[in-house]
Amino acid sequence: MLCVAFISTRMQLGNTYVLVAGMTEQTKLLIVEEDNQSSRDITHKLTDNYNVKVANTLISALDLVETFKPKILLLGKHLAGKRTIDLFDRRKSSSELNGCAIVYLTEEDSLEERLNVYQAGATDVIERFCAKEEMLAKLEVIEQFLTDKQRIQQECIEAKETSRHFMQEATMYGTVLHFFRGLSTCQFIEQLSYFVFQAMNTYNLHASMVIRDKSDLYFDSIDGSVSPIERNLYDLLHTKGRIFQFGNRMILNEKNTAILIKNLPEDEVKVGILKDVLAVMIEGLEAKFLDIRRHNMLTEVLEEIGETMQHVSKKVESFDAVFSENYNHSVHKLNSSYHVLGLAYDQEEELSDLFETGLKSMMFAKDDLAGVHQEMQFIAHKIEQMELSEQSLHEPPKDKLGDDDDGVELF
């Protein structure tokens, strides 16, 4: 059948656009018939509506099936002394017949013959001597069937591709969740690289990273060490924004951490998804690094408070001993000096009271110092309840990463 459709093509002429109408090609149809007269009659019926070719031998038929690639195959009853339906049995034929409708031309429309034809994979049966209009109508239905079949197959392919894409994204985001769960167990800065590279290995990425602490710490997922040139690269690209891609490499920057990907995939869609995923991961890495650093700082403060408490305790004990010794010595000296001073009894009593009052005020200062010591002990106890004191910390297992990763070196 002649399929006519207008295809809009935009052509720019100056500042205007012109719509050019075109027509689709005619559907290809191959007639396999050894009777020349019969093939000419059928060709005459269909030539105005289809792109028709005729094969009178098996060799020419097989050659045209492969080269001409017809959408509809009209089979006569016999060819080279054999039934054509047996020669083109879809159950035994090659893949060239896939997507091709096989229509059998019959002279006697019997139930047995129809069953044999359908079992061999034929799409339909048409009476050889039917009217032109009937033959065209049946072929039009078959052609519509092929169009719908092709559309459904394409939709199935697209659905599978979409499903595969969603599964890949789900896997990626599952890796992100596992990454954050791993970060939550980290207590040492050096542990961060383990979970970063574990995630990179899941994505088949070769990566290195830097943590800018008191001194810069560099790690690599395969080699372990980072070359001086690559370290310099971290410094040069630190101001290029959070995500900076150059070639098949990409760096992700934060204030105190950075990750360098060395073998980005060529698929731009995958790269886009990776950018979204890795941007979240670098934020989590930065936040965990700051958390560990705060934890370390508070631990150091707690240790300093403990040392200060011990120092204060020693000072209190020392003060107590020195004060008792000075008090006894001062009282003894005062009592032994009364006969030299020549004071009256009332004056001696008054002087003794003043002396003892001053020494007792020093005792109150001692009590205040002991109170400060108790308050510092209370603060240290509260910090310990917040689990900022020394804990039992265990490093994660040291699995070797990147054994099967053929990552590309940066330089």
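The values are calculated or read from the model by the stated rules, or taken from the named source; none is laboratory data. Here the structure is a predicted model, which is why all the values come from computation and not from measurement. Methodologically, a virtual Cβ is constructed for each residue, glycine included, from the backbone with ideal geometry; neighbour enumeration extends over all protein chains shown. For the accessible areas, the whole protein counts, side chains as well, though only heavy atoms, and no ligand, DNA or RNA atoms are used. Shrake-Rupley method; radii C 1.70, N 1.55, O 1.52, S 1.80 Å.
Tabulated data
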| read-out | value |
| --- | --- |
| Some residue of region 189-207 being closer than 23 Å to THR47 by Cβ, assigned to a helix (DSSP H, G or I) and open to solvent by less than 20 Å² (accessible area, probe 1.4 Å) | no |
| Tally, over region 224-254, of residues that are in a loop (DSSP other than H, G, I, E, B) and closer than 20 Å to TYR194 by Cα | 5 |
| Within region 136-188, considering residues that are over 24 Å from the mean Cα position of the chain (by Cα), without any contact (Cβ under 8 Å) to a residue 12 or more places away in the chain and open to solvent by less than 60 Å² (accessible area, probe 1.4 Å), the one nearest to ASP124 (Cα to Cα) | ALA137 |
| Residue selected from region 271-284 under the condition within 29 Å of GLN187 (Cβ to Cβ) and touching a helix residue (DSSP H, G or I) at 6+ places or on another chain (Cβ under 7 Å), by the criterion surrounded by the most Cβ atoms within 10 Å (Cβ to Cβ) | MET281 |
| Where ALA279 falls short, out of the listed (1) within 24 Å of GLN198 (Cα to Cα); (2) part of a helix (DSSP H, G or I); (3) at pLDDT below 90 | (3) |
| Any pair with Cβ under 6 angstrom, 6 or more apart, that starts in region 311-336 at a residue that is more than 16 Å from GLY358 (Cα to Cα) and ends at one that is open to solvent by 70 Å² or more (accessible area, probe 1.4 Å) | none |
| Tabulated pairs, region 238-264, first more than 20 Å from ILE189 (Cα to Cα) and polar (S, T, N, Q), second part of a loop (DSSP other than H, G, I, E, B) and modelled with pLDDT under 90, C-beta under 6 angstrom, 6+ apart or interchain | ASN263/GLY407; ASN263/VAL408 |
| Considering residues of region 225-270 that are in contact with a Leu (Cβ under 8 Å, 6 or more places away or on another chain) and of a type in the set (Asp, Glu) only, the residue least open to solvent (accessible area, probe 1.4 Å) | GLU230 |
| Unmet criterion (only one of (1) open to solvent by less than 20 Å² (accessible area, probe 1.4 Å); (2) over 23 Å from ALA170 (Cβ atoms); (3) among the hydrophobic types (A, V, I, L, M, F, W, C)) for ALA287 | (1) |
| Subset of region 208-223 that is open to solvent by 40 Å² or more (accessible area, probe 1.4 Å) and part of a loop (DSSP other than H, G, I, E, B) - its residue that is nearest to ILE273 (Cα to Cα) | ILE222 |
| Residue match in region 54-64 (condition: in a strand (DSSP E or B), at negative phi and either surrounded by 12 or more Cβ atoms within 10 Å (Cβ to Cβ) or of a type in the set (Phe, Trp, Tyr) (or both)) | yes |
| Only listed residue being surrounded by 14 or more Cβ atoms within 10 Å (Cβ to Cβ), out of contact with any Phe, Trp or Tyr (no Cβ under 6 Å at 6 or more places or on another chain) and among the charged types (D, E, K, R), chosen from GLU113, GLU133 | GLU113 |
